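*Asks:* What follows is a single structure, and I will ask about it in a moment.
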Amino acid sequence: MTIPVDLRSDTVTRPTAEMRRAMAEAVVGDDVFGEDPTVESLERRVADLIGTPAALFMPSGVMSNQIALKLHTDPGDEVLAPASAHVIHYESGAPGVISGVQLTPLADERGQITAAQVAGAVRAGFDWEPRTRLLWMENTSNRSGGCVLDLEETQRCLDAARERGMRTHLDGARLWNAALASGTSEAEWAEGFDTVSVCLSKGLGAPVGSVLCGDADTIKGARRWRKLLGG
């Protein structure tokens, strides 16, 4: 018997009967007032897995990514990202609409960029140039068929960015997959990034949701942007 496999997206998985029952029986409250114990428990668990002090539940990965852009940039800033990045190809031009930033693609090899590329792409600081403010990476790489990054080169990229005063964000929509495939924990992959976004709907059966992780002040700011954007 042939079993059809839908490869359009890794979000087409469906909750099991046990998941649906857990949803129906979950203790709920108003998250705007910080009164939803299930959401708070989820945020604590994900923060512990990623190795950050705080985390915030988001309706979608796109919202999580876009709020990260708002937190790290000002209008007119430049964001360095792999040419294959999800934020460039699949987020409806939101970086320009919401944050007013310029995305500069760096040629990547199956999602991987190098520290030399990062160092070479940073602007000199002339008034007529955008300010190179944020380094963006993605693990696993969606457009590259789910390829896992190289941990050592990723850390060298982060070093190059920090040395030049840049902030860093990891679109870790499939960070769970990267951890399993590489034998390296989510926290090890996330180390050194200012913010990390992870998805709950990527092959996990959850119907919606992502979580943005970072330090307490950053996540406090993210909560306001989530409300402003309707989350």
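The values are calculated or read from the model by the stated rules, or taken from the named source; none is laboratory data. Note that the structure is a prediction, hence the values are computed from the model and not measured. No Cβ is skipped: glycine too gets one built from the backbone with ideal geometry, and neighbour counts run over all protein chains shown. For accessibility, only protein heavy atoms count, side chains too; no ligands or nucleic acids. Shrake-Rupley method; radii C 1.70, N 1.55, O 1.52, S 1.80 Å.
*Asks:* Of the residues that sit in segment 215-231 and are open to solvent by less than 50 Å² (accessible area, probe 1.4 Å) and in a helix (DSSP H, G or I), which one is nearest to ASP31 (Cα to Cα)?
*Replies:* Only one residue fits best here, namely ARG226.
*Asks:* Still on this structure, please answer the following. Of all residues in segment 72-97, how many are among the aliphatic types (A, V, I, L, M), more than 16 Å from CYS157 (Cα to Cα) and in contact (Cβ under 8 Å) with a residue 40 or more places away in the chain?
*Replies:* 1
*Asks:* Next question. So for segment 30-42 (the condition being surrounded by 12 or more Cβ atoms within 10 Å (Cβ to Cβ), farther than 20 Å from VAL198 by Cβ and of a type in the set (D, E, K, R)), does at least one residue qualify?
*Replies:* no
*Asks:* Just checking, which of PRO53, PRO75, PRO59 is touching a Gly at 6+ places or on another chain (Cβ under 6 Å) and within 20 Å of LEU212 (Cα to Cα)?
*Replies:* PRO59
*Asks:* Next question, about the same structure. Does VAL12 count as closer than 25 Å to ILE98 by Cα, among the β-branched types (Val, Ile, Thr), loosely packed, with under 14 Cβ neighbours inside 10 Å and at pLDDT below 95?
*Replies:* no
*Asks:* While we're here: Tell me, which helices (runs of 4 or more DSSP H) wholly within segment 1-89 include 3 or more residues that are closer than 24 Å to ARG223 by Cα and in contact with a Phe, Trp or Tyr (Cβ under 8 Å, 6 or more places away or on another chain)?
*Replies:* Fully inside segment 1-89 and qualifying: 37-50, 61-72.
*Asks:* Same structure, new question: Please state which one of VAL101, VAL87, VAL79, VAL46 is in contact with a Ser or Thr (Cβ under 9 Å, 6 or more places away or on another chain), modelled with pLDDT of 95 or more, crowded, with 19+ Cβ neighbours inside 10 Å and closer than 25 Å to SER185 by Cβ.
*Replies:* VAL46
*Asks:* So for segment 60-67 (the condition being touching a Leu at 6+ places or on another chain (Cβ under 7 Å), open to solvent by less than 10 Å² (accessible area, probe 1.4 Å), at negative phi and of a type in the set (Gly, Ala, Ser)), does at least one residue qualify?
*Replies:* Yes, because at least one residue in segment 60-67 is touching a Leu at 6+ places or on another chain (Cβ under 7 Å), open to solvent by less than 10 Å² (accessible area, probe 1.4 Å), at negative phi and of a type in the set (Gly, Ala, Ser).
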